[in-house]
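Quick one: structure below, then a few questions.
The values are calculated or read from the model by the stated rules, or taken from the named source; none is laboratory data. No experiment lies behind these values; they were computed from the predicted model shown. Virtual Cβ from ideal backbone geometry, glycine too; neighbours counted across all protein chains shown.
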């Protein structure tokens with residue numbers, strides 16, 4: 001079962017109403033809320049851990065069509081927090097519904113297994129894309145990955161630095177350089193959305209040109 005078909009199966013179990021969250025909102029600790037798996041319908045989100053000194057360590061970044069917390073069916077990590085990067089719509093899928101469906105419906109069980117496998121592969125690919133190469137290559141790869149129809153919601157500089165494992169100052173400098181080079185530009189209608197020049201970002205991304213848009 002491919003990812004798209006598997007998502008369709010689980011989305012049928014979601015609550016009828018969705019959560020509409022602003023940028024930089026926190027869904028909370030999974031340890032405090034072990035009742036739901038989240039489907040990101042629109043926007044961007046990340047899952048992270050905070051150290052004792054307040055440093056944010058990003059574990060995973062999500063774009064539309066990604067499930068957040070499917071592993072909650074088996075394990076929990078009380079230290080992980082989900083935060084939005086941009087205004088996002090999130091659908092909640094009760095874990096209890098998934099577990100019941102797994103026991104009574106082979107298609108649901110197949111969908112869960114397929115999505116867990118996809119999560120492992122997606123996580124590995126993102127670790128390579130956002131964690132290797134120069135800081136400029138990493139930021140170009142992220143912008144390409146997060147874009148939709150050549151537009152991208154730019155995270156605040158602190159979150160952007162956390163995602164690509166660089167300092168806030170370096171992230172700010174690279175964004176300024178990309179704007180000066182015409183690789184990204186402001187959207188006149190939506191100030192929080194950046195227009196991307198795909199060819200220039202692909203050149204900056206180097207060997208990660210295979211990164212596909214959301």
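Let me confirm something: among 85, 90, which residue is touching a helix residue (DSSP H, G or I) at 6+ places or on another chain (Cβ under 7 Å), in contact (Cβ under 8 Å) with a residue 40 or more places away in the chain and buried (at least 16 other Cβ atoms within 10 Å of the Cβ)?
85
Still on this structure, please answer the following. For residue 136, only one of the following conditions fails: (1) assigned by TED's automatic domain parsing to the domain that holds residue 202; (2) surrounded by 21 or more Cβ atoms within 10 Å (Cβ to Cβ). What is its number?
If we test residue 136 against (1) assigned by TED's automatic domain parsing to the domain that holds residue 202; (2) surrounded by 21 or more Cβ atoms within 10 Å (Cβ to Cβ), just (2) comes out false.
Going by what's in this entry, would residue 74 be described as crowded, with 17+ Cβ neighbours inside 10 Å and over 19 Å from the mean Cα position of the chain (by Cα)?
no
Looking only at the range 139-150, how many residues end up being crowded, with 22+ Cβ neighbours inside 10 Å, touching a strand residue (DSSP E or B) at 6+ places or on another chain (Cβ under 8 Å) and touching a residue at least 60 places away in the same chain (Cβ under 8 Å)? Break it down stepwise before answering.
So in the range 139-150, the residues crowded, with 22+ Cβ neighbours inside 10 Å come out as 139-144, 146-147.
Among the residues that remain, those that are also touching a strand residue (DSSP E or B) at 6+ places or on another chain (Cβ under 8 Å) are: 142-144, 146-147.
Right, trim to touching a residue at least 60 places away in the same chain (Cβ under 8 Å) and you get 142, 144, 146-147.
Number of matching residues: 4.
Also: Looking at 178, 154, 115 in this structure, which one is in contact with a helix residue (DSSP H, G or I) (Cβ under 9 Å, 6 or more places away or on another chain), at pLDDT below 90, at negative phi and surrounded by 14 or more Cβ atoms within 10 Å (Cβ to Cβ)? Can you show your working first?
On the way: 178 fails: at pLDDT below 90; 115 fails: at pLDDT below 90.
The conditions single out 154.
Filtering the range 24-34 down to residues that are touching a strand residue (DSSP E or B) at 6+ places or on another chain (Cβ under 6 Å) and not in a strand (DSSP E or B), which residue is modelled with the lowest pLDDT?
30
Let me ask another. Looking at this structure, is residue 69 on the phi > 0 side of the Ramachandran plot, surrounded by fewer than 14 Cβ atoms within 10 Å (Cβ to Cβ) and out of contact with any helix residue (DSSP H, G or I) (no Cβ under 8 Å at 6 or more places or on another chain)?
Against the criterion (on the phi > 0 side of the Ramachandran plot, surrounded by fewer than 14 Cβ atoms within 10 Å (Cβ to Cβ) and out of contact with any helix residue (DSSP H, G or I) (no Cβ under 8 Å at 6 or more places or on another chain)), residue 69 does not qualify.
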